[in-house]
Each structure stands twice: as C-alpha cells, then as structure tokens.
C-alpha cells in the first residue's frame, strides 16, 4: 500500500522516499491508536521498500515531532484493572511497540527523522530508530520519564547508548532535562540542524542524495554499523514493568493526568 | 557587558516579538504564562529561543516555579 491516510498518521511514496507523517493532536502522543497504525505501516514497509531507498518520518503538528507516550491513556486504561492484568496489558503494549521500533531500526532503507519542536520520551525514542536525525533549530529533546518514576520504555536508552557517549546518556536520563538542537548536534545525536521549519526540506534533499548510491551497499553498510541492542532492549522492558507497578508511579501519573496547570506536574 | 536590566529588556523584547504582544504591555514582574497566554509547550519554545538568543544552555529544571520575566532574566544572567 503506497498511500495511507489514518487517524494518527499517513504515508506516501515520493520519488523513491517513503514519507511517514504523524498527525495526531495535540502532539502525536503514542497510544493504542498510533501503535495500531504504526504496526500497519511496518507491515506495509515490506512491499514499499522494494521500490524505495529512504524513509522520512516527520510530524504535521506544529507543536513538534512527538511528545511521547500517551500517558493519559496509559493511566486511564490501566487504573480499573487488577495488578496482574495491568502488568500483562502493559507488557503487551511494550512488546508491540518494541517490535515496531525494531523493524524501523533495521529497515533496509536509509531512514531519516525530520524533527521540529517537542521530541520527548517516546517521540525521542522513535527518532532514535532512524539512521539520521535532521532537526530544525527549535527542536527540543528530552527523556522526562524519571520525573514520573519510570525509565524510557520504547527502546530509547539502549539506542541512545549505541549512538552516543554514556556520560551524555546519563545526563539526559538522570536529570530529565531537555536539550535544544544545537546541543544535540554537539553531542553527536543530530546530524544536521536546519532553519526553523526547514527540516523536512533538508531531509528530502538528503534522501535525494542517497538515491544516487547503490542500494545493496547502503543496506550492507547500515547493518554493519548499526546493530540492534536486543539484550538491552529486553532488559528495558523488564525494568520498565517492575518500576511501573510501584504505587509511586501510580501517584505521579495521576498527578500528571489530573493537572490543569499551564506547566503540568513534572518534578 | 550585559546587566540584569539589559537582559530583562532583551527577554521582554524577544517574548513580545515572538508571541505578537505589544512590548509596552509587558513588564518585568508579569507572569509570562498569563501575560503571553502560553502553555507548557510554548514555554519550552520560549526557552529554546532564549537559549539561541543568549548562546547559553538553560536546563528546564532551573525554571521550575519561575513564572515572571525578571526571575527568568536572572536565571539567564547567571549563565552569561
């Protein structure tokens, strides 16, 4: 399927580049609806990649690329369940989103995240599956999960650890602070910084350049230098599930979900 | 050399221009969430613009509880 228009995302193939566009309001929070359509996308990748050389992931939301997991849905849907069912439902969601992320990570295409604005938590993790991150200068990256008593759960830390130095990983993870595109480029996370609003154009220009290269060579090079950290990814799911079941996380999520402040509760 | 007064003035000017509010309507003691009518995502946008403008890094946890322009300018000044 070369074209798809869903409730949370759409895709099309333009000049040999698959363009996946996130468009769920307010800022592409990843919940069940997005997961289902991402699963549909990775299933369709198999046929699309035969005639494509690149994948560009971007956002149609002016607020940013993606604000992360849909914490409101996570809280609302887990609350009524007994603990064992809550854990089973969470683990199922994590297994499914990891399967999507792993497929994107290993896709035999050169993948580019074209970023703007808020790129937090699960959104940051989605960007980290890509081979290149092209960010407009107003982008902001953050792993805020420790503020809620959690760690990132969509594969972020193993992928960040694969890509950049451990000291930077610790800084982002343990402080929960956000960094801008210039800082992200200086630590090696972002490959190119564009002018405001120009990341997608730069990503398309980059994809056009990649088209000149032999596809089999590009795929071989990618698989040689970008191993998927399967062991750490499995451990991440276990740690996330252990942390999630604590009452402190429940309380933090409730406070976040119930907040009506301009600056939602984040310690 | 920047002083707190010049830094505050630059913060007010930048906020007024970006959020399209007349500069004369903004005062150092104003709550910028209320005066600019912005939410948390727009506050992050303002933070990023300020970081670029002043060529600094300002961790967002330093702005926890900060809602007026003068205190925001003090935090920036401490990084210059």
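The values are calculated or read from the model by the stated rules, or taken from the named source; none is laboratory data. All values reported here derive from a predicted model rather than from experimental measurement. Neighbour counts run over all protein chains shown; Cβ positions are idealised from the backbone, glycine included.
Data for the structure
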read-out	value
Test result for residue A:212, farther than 28 Å from residue A:90 by Cβ, at pLDDT below 95 and not in a strand (DSSP E or B)	yes
All positions within the range A:214-233 that are farther than 25 Å from residue A:72 by Cα and touching a helix residue (DSSP H, G or I) at 6+ places or on another chain (Cβ under 9 Å)	A:218, A:222, A:223, A:226, A:227, A:228, A:229, A:230, A:231, A:232
Residue in the range A:59-68 that is on the phi < 0 side of the Ramachandran plot, within 14 Å of another protein chain (Cβ to nearest Cβ), surrounded by fewer than 18 Cβ atoms within 10 Å (Cβ to Cβ) and over 14 Å from the mean Cα position of the chain (by Cα) present	yes
Filter result (in a strand (DSSP E or B) and out of contact with any strand residue (DSSP E or B) (no Cβ under 6 Å at 6 or more places or on another chain)) within the range A:168-179	none
Residue check for residue A:170: over 29 Å from residue A:201 (Cα atoms), within 14 Å of chain B (Cβ to nearest Cβ) and surrounded by fewer than 19 Cβ atoms within 10 Å (Cβ to Cβ)	no
Test: residue in the range B:30-43 that is without any contact (Cβ under 8 Å) to a residue 12 or more places away in the chain and touching a strand residue (DSSP E or B) at 6+ places or on another chain (Cβ under 9 Å)	yes
Qualifying residue in the range A:142-149 (condition: touching a helix residue (DSSP H, G or I) at 6+ places or on another chain (Cβ under 7 Å), more than 19 Å from residue A:34 (Cβ to Cβ) and more than 14 Å from chain B (Cβ to nearest Cβ))	yes
Count of residues meeting criterion [at pLDDT 90 or above, at positive phi and within 10 Å of chain A (Cβ to nearest Cβ)] in the range B:18-73	1
